[in-house]
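Everything on this sheet refers to the single structure shown next.
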Amino acid sequence: MPTAAPDRLRSRITAIVHAGQPIGGPVMSATVDTIVPLLEIDYGARVLDLGCGRAEWLIVLIDRSGCNGEGIDHDDVMLAEARRQAEYRLVDPQQLLLTNQDMRAFTSSQPYDAAICTGSLDALGGLVPALNVLWAVLRPGGRALVSERFWEHPPEEAAVAAVAATGVGAGTGLLDLPGTLAAVAGTGFVALYWHVSSQTEWDDYESRWAGSLEEFAIDNPADVDAPALLEIARRRRDGYLRGYRGSLGYVTCILAKPNSTSS
């Protein structure tokens, strides 16, 4: 059994496993380098990240474009890590505002030039409800960066169970890639670009995910959470290799809100 309260342990795990990764998902640095210019974010643009976590995307965008970023998250541990990363990357504090807030209640009187939601779609009710939220906060002509899981092929029961058991997501309700992109189009967004994470990106992400917990537990054997972290790492690795490896996909999309709509 875990030796810490579930919410605190979950936050701690997230901080540990994502510390050495460029983005909190199966996306490697080369992919980030491809995606960032396609967003076409100008100097001084206003960019919102709902469920920002460590604010990896915001920090990269501020560094490369000089935009102003606003990150919303409900996890103090992740926001503290975001502030540490921003300081390390010499981000001007005036260009990055991080707020602890329930993203489901977020509103803004001023539209944003770009909006990001790459790890918190479930918290907003799923893909379509999350896209509706992003639509509402974007100016006409604005762009969204969204990542979503999908099934590469009809999943076996073991894959669905492994996704749910390891905390990767609900496992049920996910679409295939054509269905995912059709759902995007149904909200009014235009998918300008999409990147499907490769098996190499998945293997790199999952091996680092489990390995980072094991490394922490081995290096800190007296830590009260060490036994729980080792067990969670084992379950995650087994769930990936025996369950959803090759079945679960991950797509990162650049979406445009048209300048005008018929509605």
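The values are calculated or read from the model by the stated rules, or taken from the named source; none is laboratory data. Remember, predicted model here, so these are calculated numbers, not experimental data. Because the Cβ atoms are built from the backbone with ideal geometry, glycine has one as well, and the counts that use them run over all protein chains shown.
One line per residue, one yes/no per condition, for (1) surrounded by fewer than 20 Cβ atoms within 10 Å (Cβ to Cβ); (2) in contact with a Phe, Trp or Tyr (Cβ under 7 Å, 6 or more places away or on another chain); (3) aromatic (F, W, Y); (4) modelled with pLDDT under 95:
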site: T180; (1), (2), (3), (4): no, yes, no, no
site: G186; (1), (2), (3), (4): yes, no, no, no
site: V190; (1), (2), (3), (4): yes, no, no, no
site: W194; (1), (2), (3), (4): yes, no, yes, no
site: S197; (1), (2), (3), (4): no, yes, no, no
site: E201; (1), (2), (3), (4): yes, no, no, no
site: E215; (1), (2), (3), (4): yes, no, no, no
site: A222; (1), (2), (3), (4): yes, no, no, no
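Whether any residue in the range 25-37 is under 27 Å from T107 (Cβ atoms) and either of a type in the set (S, T, Y) or at pLDDT below 90 (or both) is what I want to check. No: zero hits. For the range 60-69, check the following and say yes or no: at least one residue is among the β-branched types (V, I, T), assigned to a helix (DSSP H, G or I) and surrounded by fewer than 15 Cβ atoms within 10 Å (Cβ to Cβ). There is no residue in the range 60-69 that is among the β-branched types (V, I, T), assigned to a helix (DSSP H, G or I) and surrounded by fewer than 15 Cβ atoms within 10 Å (Cβ to Cβ). For beta carbons closer than 7 Å, sequence separation of 6+ or different chains, a first residue in the range 117-145 that is at positive phi and free of Cβ contacts under 8 Å to residues at least 60 places away in the same chain and a second that is surrounded by fewer than 17 Cβ atoms within 10 Å (Cβ to Cβ) and part of a helix (DSSP H, G or I), there are no qualifying pairs.
The residue pairs whose first member lies in the range 172-200 and is under 11 Å from F150 (Cβ atoms), whose second member is loosely packed, with under 12 Cβ neighbours inside 10 Å, and whose beta carbons are closer than 9 Å, counting only pairs six or more residues apart or on different chains, are D176/H153; D176/P154.
The single condition among (1) closer than 15 Å to G119 by Cβ; (2) modelled with pLDDT under 95; (3) part of a helix (DSSP H, G or I); (4) in contact with a helix residue (DSSP H, G or I) (Cβ under 9 Å, 6 or more places away or on another chain) that A80 does not meet is (1). Of the set (1) at pLDDT 90 or above; (2) among the aromatic types (F, W, Y); (3) surrounded by fewer than 22 Cβ atoms within 10 Å (Cβ to Cβ), all apply to W57 but (3).
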